[in-house]
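The values are calculated or read from the model by the stated rules, or taken from the named source; none is laboratory data. Source: prediction; values computed, not measured. Here the Cβ is made from the backbone with ideal geometry for all residues, glycine too, and neighbour counts use every protein chain on show.
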Amino acid sequence: MRACDFDCHHHLQPAGVMDLFQDAAGRHAMELGIGFPQLAAKHQMWILSGVQYEVVATPHMYQTVRVVTWPLPASSVTCRREYRMEALDGTLLVKGTSDWAIMDGDKRKLLRAREVYPEGLDYCTDLCFDEKMPRLKDFVPADEGMTVIPGFAQLDMNGHVNNTKYANFILDAIQWQEGDAIAVFQIHYRKELLAHQPATVYVQREGKTILAMGKNSDGESMFLGRIALQ
């Protein structure tokens, strides 16, 4: 784990965890023949709709970890992918899950995932969480929120804000208290955020639960988040 994967209190940064998950998913998709360049050649792209992870044991700075990932059988549109971050001795550190879809880049239309995944794939069906990710809903903001304007450094190869950067927007909008540490982080993406497109991030805290919501200048909900504190 890199130094930049930890915050000033030595807790894991969500963006660091999601970076590792994203890289592992991308490499495995390449091995399956459905990675970024393979889909791009057909004017298709992966779209991440949601991620959730739980910290079981916090790794330490510069610790070498292993990320194991596998896709579950695709439904008609969505594809679920699981993750385990482990110490080299196999100790579970972080477990996660994610939901993906595949989009036609020209028509901006979702494709049938079953038709894109390779035939005859021997799926692992182990689940990191017994239940699906909780459904997140909009809430009524109690303040003016925090405005963010993403730039070039936040964009990925698809030309929109990379999924890991939204986690930073959420964390920056929170008034952190001494001793706060993330046990569970969840985020759902509703609409793509583009460079120089302002968004306002609102947070709502009740006990050890923090909800987050990002809206664009037209009031459209762009993303939703949930944090459960240790």
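Within the range 173-189, does at least one residue satisfy the condition of being surrounded by fewer than 22 Cβ atoms within 10 Å (Cβ to Cβ), among the acidic types (Asp, Glu) and more than 20 Å from Leu12 (Cα to Cα)?
Looking through the range 173-189, none of the residues is surrounded by fewer than 22 Cβ atoms within 10 Å (Cβ to Cβ), among the acidic types (Asp, Glu) and more than 20 Å from Leu12 (Cα to Cα).
Mind listing just one residue for me: the one in the range 85-98 that is surrounded by fewer than 20 Cβ atoms within 10 Å (Cβ to Cβ) and in contact with a strand residue (DSSP E or B) (Cβ under 8 Å, 6 or more places away or on another chain) and, of those, nearest to Ala25 (Cα to Cα)?
Applying the filter and picking the extreme gives Lys95.
Rundown of residues vs (1) surrounded by 14 or more Cβ atoms within 10 Å (Cβ to Cβ); (2) touching a strand residue (DSSP E or B) at 6+ places or on another chain (Cβ under 8 Å); (3) at pLDDT 95 or above, yes/no style:
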site	(1), (2), (3)
Met133	yes, yes, no
Gly145	yes, yes, yes
Val148	yes, yes, yes
Met157	no, no, no
Pro198	no, yes, yes
Gly207	no, no, no
Leu224	yes, yes, yes
Ala228	yes, yes, yes
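For Ala15, work out the one condition from (1) part of a helix (DSSP H, G or I); (2) in contact with a strand residue (DSSP E or B) (Cβ under 8 Å, 6 or more places away or on another chain); (3) modelled with pLDDT of 95 or more it doesn't fulfil.
Result: Ala15 fails condition (2) only.
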